[in-house]
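The values are calculated or read from the model by the stated rules, or taken from the named source; none is laboratory data. All figures in this text were calculated on a predicted structure; none of them were measured in a lab. Neighbour counts are summed over all protein chains in view; Cβ atoms, including those assigned to glycine, are modelled from backbone coordinates with ideal geometry.
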Amino acid sequence: MKMTPRSLGIALVVASAFVGAGCQDPGASTAASGAVKPYALDVCIVSGEKLGSMGDPIVLVHQGQEVKFCCKSCKPDFEKEPAKFLTKLAPKK
């Protein structure tokens, strides 16, 4: 099968949900179906640093929610307590 840039990008997003994410759960199958909720912030969910300020953001899909980090050092902190950080994505009332 020939990989186009678009299909390669989709494959990478899906693969990131499975490889090293520490989040191999029902959300991973949601990512494969294409129903991933987009990340709405322009800052790292852990540190609050501007995305892109430390190179390309690290992207992870956790339970169907795309999450972005400013660097690889923030990912383990998120994986320890994802619920703590996911509250930042909850709609404001």
- Task: Show the residue pairs that are 6+ apart or on different chains and have beta-carbon atoms under 6 Å apart, the first residue being within segment 32-52 and touching a residue at least 40 places away in the same chain (Cβ under 8 Å) and of a type in the set (Val, Ile, Thr), the second being assigned to a helix (DSSP H, G or I) and surrounded by 12 or more Cβ atoms within 10 Å (Cβ to Cβ).
- Result: Ile45/Phe85; Ile45/Lys88
- Query: Is it the case that some residue within segment 2-15 is modelled with pLDDT under 95 and within 11 Å of the chain's Cα centre (by Cα)?
  - Reply: yes
- Checked Gly22, Gly34 against criteria (surrounded by fewer than 17 Cβ atoms within 10 Å (Cβ to Cβ), touching a strand residue (DSSP E or B) at 6+ places or on another chain (Cβ under 9 Å) and at pLDDT below 95); the one match is Gly22
- So, in segment 64-83, of the ones that are among the basic types (Lys, Arg) and crowded, with 16+ Cβ neighbours inside 10 Å, which residue ends up farthest from Gly34 (Cα to Cα)? Lys75
